[in-house]
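One structure is given here, and the rest of the page talks about it.
The values are calculated or read from the model by the stated rules, or taken from the named source; none is laboratory data. Bear in mind that the values here come from a model prediction, so they are computed numbers and not experimental data. Here Cβ is always computed from backbone atoms with ideal geometry, including for glycine, and neighbour counts include all displayed protein chains. Heavy atoms of the whole protein, side chains included, go into the accessibility calculation; ligands, DNA and RNA do not. Shrake-Rupley method; radii C 1.70, N 1.55, O 1.52, S 1.80 Å.
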Amino acid sequence: MILHWQIIQLQLKETFAIAYGNYTFREALIVSLQSHGEKGFGECTAIDYYGINLNEFEADLARIQSVVEKQNISHPTEFYAFLLSLQLPSFLRSALDCAYWDLFGKLERQSFLTLNQIDFQQLPESSITISVDSIDKQLQKIAQSNWRYFKVKCNHFNEKDILKLYQSGRNIALDSNGSFSAKDCLWLESTDWISRFTYLEQPMKKGAEQYTNLHANQLANWMADEDCQTSADLNLLVPHYQSINIKLVKCGGLTPALEMITVARKLGFKIMIGCMTESTIGISAGAVLAPLCDYVDLDGANLIANDIAKGSQIENGKILLSEKPGLGILIN
């Protein structure tokens, strides 16, 4: 195999405001693995609140390049076991795992869906993110959108704003990125109409000392994001969350995500496949898991102005899965 990588800058169509800050661009690390005339692609983005430094990832790739390139083509689960032995951060491991699945499928002339016997006739729709703003501007964006599902970001608790969102009658989820207090969450999970919200994602800051204030048997559909990194977290979350958000970069790629879905189903969780602000490379990787999930939040490529790839697409929330070999990713 030949390993190649580059850092690119993804420009956002508009300022993306969340509880952690405001962003006009994202830097992304694009990884490729090439063999026998085929090339597979993976991606991870620099997320400051996760402590991700792409320059450090470049140093990691330079360190492991020779040993990666010596690997024979084998099943992706075997390649993933090799990746685990390298003790890489989950974001970088995810980019390499996805690139390998894309390459392996292209070499086998089969899609990821076929290789994993995934029935994709029924697909949930994706939400689109409405970034932090005044409630009137958020509602205006929702009213003007052709999407049917929305994830509204907020950076503090405001009962009147939440009531206005409920009264809009639209399909809305709340994502506070950990900006709510225990008192706020008690009010939310005890309020009759709060179940009208599709889910309430990561209401409090990460950590058991926070999420133990949440009760899965109450009215709010609490969804774990930062509190849910890998399969090892799931058992502890059962009394507190009804749903989980699986992001490939958090758990380490498609291979562990498949395992995580299996475990989460056995524990009774509802599952969302989510994303960071990513190009079609990262979105195409996440999209192949959409048939296995209850919710989808794969709007990342729709938020950027300079997408670099083609593959699976999200059009007004509808998932158009590529059935081409691998993950169906082509670089523009």
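Looking at residue 105, is it among the small types (Gly, Ala, Ser) and farther than 17 Å from residue 3 by Cβ?
When the stated conditions are applied, residue 105 passes them.
Hey, any hits in the range 248-267 for a residue that's surrounded by 24 or more Cβ atoms within 10 Å (Cβ to Cβ), in a strand (DSSP E or B) and among the β-branched types (Val, Ile, Thr)?
No; the residues of the range 248-267 include none that is surrounded by 24 or more Cβ atoms within 10 Å (Cβ to Cβ), in a strand (DSSP E or B) and among the β-branched types (Val, Ile, Thr).
If you scan the range 132-154, which residues turn out to be assigned to a loop (DSSP other than H, G, I, E, B), out of contact with any Leu (no Cβ under 7 Å at 6 or more places or on another chain), surrounded by 14 or more Cβ atoms within 10 Å (Cβ to Cβ) and not basic (Lys, Arg)? Before you say what the answer is, go through the steps one by one.
Looking only at the range 132-154, we keep the residues that are assigned to a loop (DSSP other than H, G, I, E, B), and these are 132-134, 145-148, 154.
Still in the running and out of contact with any Leu (no Cβ under 7 Å at 6 or more places or on another chain): 132-134, 145-148.
From what's left, surrounded by 14 or more Cβ atoms within 10 Å (Cβ to Cβ): 132-133, 145, 147-148.
Passing the criteria: 132, 133, 145, 147.
Of all residues in the range 1-12, count the ones that are open to solvent by 20 Å² or more (accessible area, probe 1.4 Å) and under 22 Å from residue 89 (Cβ atoms). Talk me through it step by step, then tell me what you get.
First, pick out the residues of the range 1-12 that are open to solvent by 20 Å² or more (accessible area, probe 1.4 Å): 1-2, 4-9, 11-12.
Next cut, under 22 Å from residue 89 (Cβ atoms) only: 1, 4-9.
Number satisfying all stated conditions: 7.
Of 91, 104, 157, 112, which residue is free of Cβ contacts under 8 Å to residues at least 60 places away in the same chain, at negative phi and surrounded by 16 or more Cβ atoms within 10 Å (Cβ to Cβ)?
Within the list 91, 104, 157, 112, the selection yields 157.
Give me the residue from the range 275-305 that is of a type in the set (Ser, Thr, Tyr) and outside any helix (DSSP H, G or I) and, out of that set, farthest from residue 319 (Cα to Cα).
277
Could you list, in sequence order, all residues of the range 13-48 that are open to solvent by 70 Å² or more (accessible area, probe 1.4 Å) and either among the acidic types (Asp, Glu) or farther than 22 Å from residue 68 by Cβ (or both)?
13, 14, 15, 20, 22, 24, 25, 27, 48
When you scan the range 130-150, do you find a residue that is modelled with pLDDT of 95 or more and within 20 Å of residue 249 (Cα to Cα), even just one?
Looking for residues that are modelled with pLDDT of 95 or more and within 20 Å of residue 249 (Cα to Cα), one finds none in the range 130-150, hence no.
Mind listing whichever residues of the range 65-86 are out of contact with any helix residue (DSSP H, G or I) (no Cβ under 7 Å at 6 or more places or on another chain) and either surrounded by 18 or more Cβ atoms within 10 Å (Cβ to Cβ) or in a loop (DSSP other than H, G, I, E, B) (or both)? Spell out how you get there, then give the answer.
From the range 65-86, those out of contact with any helix residue (DSSP H, G or I) (no Cβ under 7 Å at 6 or more places or on another chain) are 65-70, 72, 74-75, 78, 81-82, 84-85; that's our starting set.
Across the range 65-86, the qualifying residues are 68, 70, 72, 74, 75.
Name the pairs whose Cβ atoms lie under 9 Å apart, with the first residue in the range 166-188 and closer than 17 Å to residue 199 by Cβ and open to solvent by 40 Å² or more (accessible area, probe 1.4 Å), the second assigned to a loop (DSSP other than H, G, I, E, B) and of a type in the set (S, T, N, Q), and 6 or more positions between them or separate chains?
Matching pairs, first to second residue: 171/127; 171/198.
Counting only residues that are polar (S, T, N, Q) and buried (at least 20 other Cβ atoms within 10 Å of the Cβ), which one in the range 304-332 is nearest to the chain's Cα centre (by Cα)?
312
Kindly indicate whether any position in the range 36-45 is at pLDDT 90 or above, out of contact with any His (no Cβ under 6 Å at 6 or more places or on another chain), more than 24 Å from residue 111 (Cα to Cα) and among the β-branched types (Val, Ile, Thr).
Within the range 36-45, one or more residues are at pLDDT 90 or above, out of contact with any His (no Cβ under 6 Å at 6 or more places or on another chain), more than 24 Å from residue 111 (Cα to Cα) and among the β-branched types (Val, Ile, Thr).
Condition first: free of Cβ contacts under 8 Å to residues at least 24 places away in the same chain and assigned to a loop (DSSP other than H, G, I, E, B). Now tell me which residues in the range 191-210 satisfy that.
207, the sole residue that qualifies.
Which of (1) touching a helix residue (DSSP H, G or I) at 6+ places or on another chain (Cβ under 7 Å); (2) modelled with pLDDT of 95 or more is the odd one out, the single condition residue 102 does not satisfy?
The single condition residue 102 does not satisfy is (1).
List every residue pair whose Cβ atoms sit under 7 Å apart, with the two residues 6 or more apart in sequence or on different chains, where the first one lies in the range 3-25 and is within 21 Å of residue 151 (Cα to Cα) and hydroxyl-bearing (Ser, Thr, Tyr) and the second, anywhere, is at pLDDT 90 or above and surrounded by fewer than 16 Cβ atoms within 10 Å (Cβ to Cβ).
Partner pairs satisfying both residue conditions: 15/24.
Out of curiosity, is residue 173 part of a strand (DSSP E or B) and within 23 Å of residue 15 (Cβ to Cβ)?
yes
Could you please let me know if residue 243 is open to solvent by 10 Å² or more (accessible area, probe 1.4 Å), more than 11 Å from the chain's Cα centre (by Cα) and of a type in the set (Gly, Ala, Ser)?
no
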